[in-house]
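Encoded as structure tokens, here's the structure I'll be asking about.
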Amino acid sequence: MARILNSQWKRFDELLRDGMAVAHAAQKCGIGKDTAYKHVARKKAAGLESDVAVENIYVAEDEDLPDPIPKHLLTGDPLTALSDITLFAQRYFGFVLMPWHVHATQRIQELYESESDKYVVINCPPGVGKSSFFTEVLPAFMTARDRTIKGFIGSIGQENAKMYTSNLADHFERTIPVSRRQRDIDRGYATFAASTLSRDYGRFKPDAGEDMWRQDRFNVLQTNGAPRSVKEPTWAALGYKSKFIGHRADFIIWDDLYDASTFATVESRDKLKNWYLNTAETRLDEGGLFILQGQRLSPDDIYNFALSLPDIDEDDEEPDDFFITLADRADLDTISRDFIDAATDRPRYKYEHIKFKAHYEDRCESDHSMDAKPYPYGCLLYPARVTWKRINQARSADERNFNIVYQQEDIDPEEALVNPIWITGGTDKSGIEFPGCYDDTFSVGQPPTGLTEPLISVCTVDPSASNYWAVQWWLYHPETEHRYLIDMFRGKLDASEFLDYNPVTRTYSGIMEEWQTRAKAANHPITYWIFEHNAAQRWFFRFAAHQIWVQKSGSNVITHQTTANKNDPDFGVRTAIPNAYKRSLVRLPAKVPSDLIMSKQLVYELTRYPDAATDDTVMANWFLEWNLRNIYTPKLHFQRTRRPRFQLVAARR
């Protein structure tokens with residue numbers, strides 16, 4: 001296709017000024033009719049009238065572009081665009097931004113310009129153009145402002161990330177303004193781009209062989225021809241399974257890193273979280289900005305994990321200053337933001353959270369048209385793209401999923417199996433005050449003292465052949481009905497690690513033996529072991545040594561039918577467990593800050609059941625609640641009453 005010369009456009013504009021119709025003028029100048037109409041619309045959108053301005057729109061491909069232009073030599077719109085993301089996106093990308101784009105950009109700039117490392121999670125509903133903005137417009141904006149930037153653009157797959165950096169490179173080397181679909185222009189979320197980055201700011205792409213310029217990584221030309229002082233590329237693409245080769249960046253964007261189908265199992269999610277901590281985060285340079293952005297997909301996604309991470313200062317000399325410092329970093333995968341906040345009253349988190357909802361109830365005035373004012377001036381985030389009809393369809397299809405994906409909200413505490421307020425203490429929405437379940441009178445592994453007899457020591461076990469085990473040691477006090485959680489194990493186990501017998505030494509080993517030894521030392525030997533029925537039949541009762549251990553220890557083994565009993569109206573999971581926590585009958589150790597770490601997984605699962613990735617600790621807790629009525633029956637004391645004298649006399653007659 002032959003290129004259109006500037007002289008043709010100049011003649012075309014002269015004919016238009018003389019009153020000739022667009023189609024006729026185009027034919028006279030050898031320009032396609034559609035191209036001519038786009039040219040006219042482009043000029044109108046950009047507010048251009050002079051012939052010189054016309055030449056700035058259409059630059060011949062072989063025309064020499066200027067070298068990188070220093071900022072102090074810029075004037076007009078190119079200079080203004082460096083501080084106005086709305087103008088920048090419209091002028092070079094043909095995007096019409098919403099207020100939420102501007103708010104996010106302003107905060108990102110503030111964080112990037114701070115001296116310390118900064119981490120931020122940005123959650124948006126689907127369909128608002130977040131990937132195009134965060135992987136094209138924003139990186140280009142930051143690069144135009146500072147060509148020395150070192151950036152990574154990451155995604156779940158290397159090919160996705162490569163596509164993002166390739167698109168970004170195309171914008172830097174483009175000589176003709178990008179063209180947007182007429183359909184998008186008509187709907188108001190796109191427009192005609194007025195210029196190109198290379199035309200307004202000078203060349204970005206080096207000459208062939210001068211420097212690296214590939215689809216997955218590239219270097220931009222520096223101002224005044226200065227060489228880059230660092231080995232890292234200006235922008236590079238990274239995937240979840242990419243091999244990192246030691247490069248670091250001061251501006252990192254991970255886009256839609258979580259995929260529900262890819263991370264459907266507990267093992268895959270754990271692998272992602274460990275990789276995230278030990279690889280993804282460690283690529284950030286000192287004083288840089290790390291952005292994790294995407295839409296929420298589940299209560300247990302990577303965004304919730306990142307938001308759970310505590311902010312540990314170098315000045316935190318005493319571990320008790322923030323109890324999570326006592327935990328290993330890799331063991332932080334299930335800490336809830338609400339739990340940390342309520343348990344410590346020290347809401348210091350590593351990640352700042354910027355989230356945008358599809359619909360804001362508090363701003364709703366029933367104006368839901370496609371041309372309604374966007375948030376924060378109206379109630380819809382992006383009226384023309386995430387329409388009211390689409391919102392209603394998503395809500396009616398699955399309201400729980402709608403709240404997570406479109407509203408960026410976790411489970412409503414009022415709908416959870418256990419309201420966090422019942423555990424932490426406080427006042428709920430109805431004004432009812434709850435004392436909570438944290439107990440500062442005892443610690444992990446150290447039963448409370450001063451309790452009257454009887455006390456019943458019980459251990460519940462929810463085993464798994466492939467996933468996590470949950471083992472809980474409870475002390476039940478019938479007089480007060482309190483259930484004291486003395487210890488809990490949650491992790492992967494082989495059956496032999498739970499209980500094993502060595503015929504040579506004739507000794508037992510494993511958690512079952514160790515916990516029973518500890519319980520006896522505390523004068524509270526475990527008298528009941530409650531197992532999930534199928535697992536008990538499959539491995540525990542198969543071995544004579546296990547049955548001998550039970551007899552020698554003086555314990556009783558109870559098997560629990562999970563499937564048949566889970567939905568029981570009186571003692572099922574959704575009945576028995578909430579009642580115990582709501583009445584503060586469950587007592588969780590909290591004498592020292594580190595005690596809270598032990599029960600964090602139980603609290604997390606209780607407050608997110610059934611949407612959490614696992615429910616092992618919930619099931620183990622329920623085993624206790626279901627079987628308490630079988631374990632302990634209150635003794636009834638009958639007092640003999642004396643018959644009145646007149647009844648005795650009558651009886652003798």
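The values are calculated or read from the model by the stated rules, or taken from the named source; none is laboratory data. As the structure is a computational prediction, the values presented were derived from the model and not from experiment. Positions of Cβ are backbone-derived with ideal geometry, glycine not excepted, and every protein chain shown enters the neighbour counts. Keep in mind that these areas ignore ligands, DNA and RNA; they rest on the heavy atoms of the full protein, side chains included. Shrake-Rupley method; radii C 1.70, N 1.55, O 1.52, S 1.80 Å.
Within the range 473-562, what whole-number % of the accessible surface is contributed by carbon and sulfur, with the 1.4 Å probe and all protein chains included in the calculation?
Heavy-atom surface of the range 473-562 belonging to carbon and sulfur, 1.4 Å probe: 47 percent.
Once you have a ≥ b ≥ c as the square roots of the Cα gyration tensor eigenvalues for the range 220-310, tell me rounded if a/c is under 1.5, and otherwise prolate or oblate according to whether a/b is larger than b/c.
prolate
Next question. Taking LYS357 as the anchor, which lysines have their alpha carbon closer than 16 Å to its alpha carbon, excluding any fewer than eight residues away along the same chain?
Cα-Cα hits under 16 Å: LYS130, LYS373, LYS389.
Which of the lysines could be linked to LYS118 by a straight reach, that is with a Cα gap under 17 Å, when you skip same-chain ones fewer than 8 residues away?
Partners within reach: LYS150, LYS350, LYS355.
Still on this structure: If I take R0 = 22 Å and measure r between the Cβ atoms of LYS355 and GLN393 in this structure, what FRET efficiency does the formula 1/(1 + (r/R0)^6) give, to the nearest 0.05?
0.50
Note down the relative contact order for the range 103-215 as a percent, whole number, built from C-alpha pairs under 8 angstrom at least six residues apart.
Normalised by residue count, the contact order of the range 103-215 is 20 percent.
Give the lysines reachable from LYS10 as a straight Cα distance under 27 Å; neighbours fewer than 8 places away on the same chain don't count.
LYS28, LYS33, LYS38, LYS43, LYS44
Normalised by the number of residues in the range 471-585, what is the relative contact order in percent for Cα pairs under 8 Å and 6+ residues apart?
17 percent
Which percent of the accessible area of the range 77-162 is formed by carbon and sulfur heavy atoms (probe 1.4 angstrom)?
Within the range 77-162, the accessible surface is 45 percent carbon and sulfur.
Which shape class applies to the range 133-239: rounded if a/c is under 1.5, otherwise prolate when a/b exceeds b/c and oblate if not, where a ≥ b ≥ c are the square roots of the Cα gyration tensor eigenvalues?
oblate
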